[in-house]
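Computed from the coordinates by the stated procedures, all read-outs in this text should not be read as laboratory data. Owing to the predicted nature of the structure, the values given are computational and were not obtained by experimental measurement. Ideal geometry is used to build each Cβ from the backbone, glycine not excepted, and the neighbour counts take in all protein chains shown.
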C-alpha cells in the first residue's frame with residue numbers, strides 16, 4: 001500500500017485490522033499484526049490508541065506493532081508502555097525504543113528522571129539504556145545503564161539520567 005493512499009476502502013480495511021488485532025484468537029491477532037506492520041507509519045495513530053486498552057494482549061499487540069514499525073512518532077506511546085503492568089508489554093516497548101534509536105533518548109531519560117520512583121519503568125529503561133549505550137553515539141548513556149543496575153536504581157537512575165540529558169542537550173546545541 002502506498003503511503004499516499006487514503007481511500008475510504010483503505011480506511012475501512014485499517015479499522016477492520018484494528019478490530020482483529022484485539023481479537024481473543026491469537027492467529028487472528030497475528031494475521032492483523034502482520035498486515036498493520038506492512039501498512040507502516042500510516043497505522044501508527046490507530047495502533048497507538050490500543051495502548052490504553054484494559055486487556056493485556058491488546059497492549060502487547062500495540063507494543064509489538066509499534067516496535068516493528070519503529071516510527072519516531074510512536075515514542076511517547078512506547079515510553080508510556082515502559083510502565084505497563086505486564087513485563088512482556090514493557091519489553092516490547094523497550095525493543096521499539098531501541099529500534100527507533102536517537103529520537104527515543106530524551107523521552108526515556110526524562111521518564112527515568114520523573115517516574116523512576118514508580119519502579120516499573122526501571123527494568124525496561126535499563127534494557128533501553130543498555131542497548132543504546134552500545135551505539136557509537138550512545139556512549140554517554142553508559143552511566144545511566146550502570147546506575148539502573150545499582151542497589152537503589154530509583155535513586156541513582158534519575159541523577160545519572162539528568163546528567164546524561166544535560167550532556168545530550170548540550171551536544172545537540174553545540175552542533
Computed, not fitted: 222 nm per-residue ellipticity of the chain from DSSP H runs ≥ 4 (each -39500 (n - 2.57)), nearest 500, equal to -21500 deg cm²/dmol
Which FRET efficiency value, to the nearest 0.05, do you get for residue 34 and residue 114 by plugging their Cβ-Cβ distance into 1/(1 + (r/R0)^6) with R0 = 35 Å?
0.50
Taking only Cα atoms, what is the 0 to 90° angle, nearest 10, from helix 87-100's long axis to the longest principal axis of the chain?
80
Roughly what angle does helix 8-20 make with the longest principal axis of the chain, taking Cα atoms, 0 to 90 degrees, to the nearest 10?
70
In a Gaussian network model of the chain with springs linking alpha carbons closer than 10 Å, the residue among 31, 57, 127 that fluctuates most is 31
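Please report, to one decimal in angstroms, the Kirkwood hydrodynamic radius of the range 101-175 built from all distinct Cα-Cα pairs. Don't skip to the end; give the middle numbers.
Details: mean 1/r = 0.0842 Å⁻¹.
Result for the range 101-175 stands at 11.9 Å.
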Take the chain, connect every pair of alpha-carbon atoms lying under 10 Å apart with a spring to form a Gaussian network, then pick out the residue of 53, 156, 74 with the largest mean-square fluctuation.
53
I need the per residue convex hull volume for the range 28-175, using only the alpha carbons, in cubic angstrom as a whole number.
103
Length-normalised contact order of the range 65-175 in % [C-alpha pairs under 8 Å, at least 6 apart]
23
A chain fully extended from residue 26 to residue 134 at 0.36 nm per residue, minus the present Cα-Cα distance, gains in nm 35.4 nm
